[in-house]
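To start, the structure itself, in structure tokens.
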Amino acid sequence: MNSVRDKKFLKKRYMQMLKDEIFLSGFVEVLESAGDRQGASLVREKLYELRNSRLQLKELIS
């Protein structure tokens, strides 16, 4: 019973991470177009960390 609940939670977390990743990638584009390269670089680092975490979670779910 708990494994089903855990898997459901992990899938929801995965989808939230995917939404966050999409948002951050768009935010990087906005920052770059505004000329804030340093800010874009910082957000891009967080984006890569999030992407790696999401991919690890995907492997765990599968």
Problem - Acute angle (nearest 10 degrees) that the helix 2-33 long axis makes with the longest principal axis of the chain, alpha-carbon atoms - result: 10 degrees
Practice task
Calculate, for the chain, the solvent-accessible area per residue in square angstrom, rolling a 1.4 angstrom probe over the heavy atoms of the protein chains.
Solution key: 81 Å²
Problem - Spatially proximal aspartates and glutamates relative to Lys46 (Cα-Cα < 13 Å; intrachain offsets below 8 disregarded) - result: Asp20, Glu21
Fill in the blank from the handout: Taking protein heavy atoms only, a 1.4 Å probe, and rounding to whole percent, the accessible area of the chain owed to carbon and sulfur comes out at 56 percent
Completion exercise
For the chain, one quarter of the surface area of the C-alpha convex hull, expressed in nm², comes to 4.0 nm²
Problem - Angle between the chain longest axis and helix 37-61 axis [Cα atoms, degrees, rounded to 10] - result: 10 degrees
Practice task
Once you've got the GNM for the chain with C-alpha springs shorter than 10 Å, pick whichever of Leu24, Leu50, Leu42 has the biggest mean-square fluctuation.
Solution key: Leu42
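Return the calculated 222 nm mean residue ellipticity for the chain, to the nearest 500 deg cm²/dmol, obtained by summing -39500 (n - 2.57) across DSSP H runs with n ≥ 4 and dividing by the residue count.
-33000 deg cm²/dmol
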Completion exercise
Taking 0.36 nm per residue of separation between Leu55 and Ser33 and subtracting their Cα-Cα distance, the length gained on full extension comes to 5.1 nm
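The values are calculated or read from the model by the stated rules, or taken from the named source; none is laboratory data. Fair warning: this is a prediction, and the values are worked out from it, not measured in the lab. Areas reflect the complete protein model, heavy atoms only, side chains present, ligands, DNA and RNA absent. Shrake-Rupley method; radii C 1.70, N 1.55, O 1.52, S 1.80 Å.
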